[in-house]
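Novice: Starting off with a structure, shown below.
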Amino acid sequence: MNHDPRTADADRLNWTQYRPGQQAGHYESFYQRGNHPTEPRAFWIRYTVFSPAGMPDAAIGELWAVYFDGTTGRHVVAKEEYPISDCHFSPDSFGARIGDRVLEPGSLKGEATGTNGSIGWDLSYEGTEPPLLLLPPGLYQGGFPKAKSLVGVPSATYGGKLTVDGETIDVDGWTGSQNHNWGSRHTDHYAFGQVAGFDGHPDSFLEIVTATTRLVGPVKTPKITFLVLRHDDREYTLSSIRQGLKAKADFGYFYWDFASSDETTAVRGRFTAAPEDFVGLNYYNPPGGIKHCLNTKIGRCELEILNKTTRTIQRLTTGNRALMEILTDDREHGIPIRA
């Protein structure tokens, strides 16, 4: 598989970007997510640092855990907050600790309890795929966009156990990814999606975002879509600014249609999920305020890849393994906020 050689820098980008005491507002998350091989069940565990703008002494560590169970329709959400003095986010290697809950290369262990329930985890993970940069490499330096992200370990395989409200759940061969995102403010409005293994194509991996963000005052960018797909030992990188602005995308709370292309390939697709597949979360924004995140890991994705030279079409589908989240300021979406 051919990759941009600049992805070598992703190893360093996967280290913590936050610096204790910094005046600039900052959020930064290291999150792991994995899906059951066949059933609509998934976990999402997130180690986060949040520092409000101009108030570095108010920085905190946030520990999040969500267990999605589409077989019963019951999803469990847990969140804890800790003073930043009780946390460590490594600036010169990959790793994080919130209280005594630890994330290390290849493993994570901890527990979280909230008003909605409790989740414990003792997991190991491994993966051989190189990191994936969703943004053009040059955008990882400088102030635009305000939010950055990468996949440190795409197509990771998880083993170990979860404990959800006292019930032990064996994790054996669940597939997902280790991810990292950070910035001085959350993107104003976005749809974000990821698939780590399609039905019948377990090695294929999709990462995509459609977003609009504020520039100055009320002025916002047009919708821009960045897309990276790894499939059949190829990487389709549709993430230049020009491609992103030309891409077509439309999303609501429970659907998202998109299409993007270059000279040789056109990729189009659709994410969908039922309202009951989502949990609602409060995301603190460093400049102030709270965004609502509507989040599922058991959505559906259909993808079509057109080779413009041969006119052949490949189709990829997953029935319940798609990550889909919507970030919004709207309060009329109808999804209960759980943490």
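Novice: At 0.36 nm per residue, and after removing the present C-alpha to C-alpha distance, how many nm does the segment from D122 to D170 gain when stretched out fully?
Specialist: Value of the extension gain: 16.3 nm.
Novice: Assuming 1.567 mPa s and 4 °C, estimate D for the range 205-267 with Stokes-Einstein, Rh taken as the Kirkwood radius over Cα pairs, in µm²/s.
Specialist: Approximately 103 µm²/s, per Stokes-Einstein.
Novice: With a 1.4 Å probe and every protein chain left in place, work out the accessible area per residue of the range 230-339 in Å², rounded to a whole number.
Specialist: 45 Å²
Novice: Would you calculate, for the chain, the mean residue ellipticity at 222 nm contributed by helices, counting each DSSP H stretch of 4 or more residues as -39,500 (n - 2.57) and dividing by all residues, to the nearest 500?
Specialist: It lands at -500 deg cm²/dmol.
Novice: So for the range 114-224, what percent of the C-alpha to C-alpha distances run longer than 23 Å?
Specialist: 47 percent
Novice: Could you compute how fast the range 1-84 diffuses translationally, taking Rh as the Kirkwood radius over C-alpha pairs and applying Stokes-Einstein at 4 °C with viscosity 1.567 mPa s? Give it in µm² per second.
Specialist: 84 µm²/s
Novice: Per-residue accessible area for D199 at 1.4 Å probe radius, Å² rounded to 10?
Specialist: The value for D199 is about 80 Å².
Novice: If you take the alpha carbon radius of gyration of the range 1-140 and divide it by 2.2 N^0.38 Å, what ratio comes out, to two decimals?
Specialist: Rounded to two decimals, the normalised Rg is 1.15.
Novice: What pairs from K148/K246; K79/K109; K79/K291; K220/K246 go past 18 Å between their alpha carbons?
Specialist: Beyond 18 Å between Cα atoms: K148/K246.
Novice: Using the Kirkwood radius built from alpha carbon pairs, what does the Stokes-Einstein equation give as D for the chain at 37 °C and 0.692 mPa s, in µm² per second?
Specialist: 164 µm²/s
Novice: Now for a different question. For the range 164-215, just list the percent of Cα-Cα distances falling in each 10 Å bin from zero outward, please.
Specialist: Percent of Cα pairs in each bin: 17, 34, 29, 19, 2.
Novice: May I have the pair-distance distribution P(r) for the range 232-339, computed from all Cα-Cα distances with 10 Å bins from 0 and rounded to whole percent?
Specialist: With 10 Å bins starting at 0, P(r) equals 13, 36, 31, 16, 4, 0.
Novice: I would also like to ask the following. Under a point spin-label approximation (7 Å from Cα along Cα-to-Cβ), what is the R311-Y255 distance to one decimal in nm?
Specialist: Inter-label distance under the simple model: 2.9 nm.
The values are calculated or read from the model by the stated rules, or taken from the named source; none is laboratory data. Every value quoted in this text rests on a predicted model; they were computed, and no experiment measured them. Here Cβ is always computed from backbone atoms with ideal geometry, including for glycine, and neighbour counts include all displayed protein chains. Heavy atoms of the whole protein, side chains included, go into the accessibility calculation; ligands, DNA and RNA do not. Shrake-Rupley method; radii C 1.70, N 1.55, O 1.52, S 1.80 Å.
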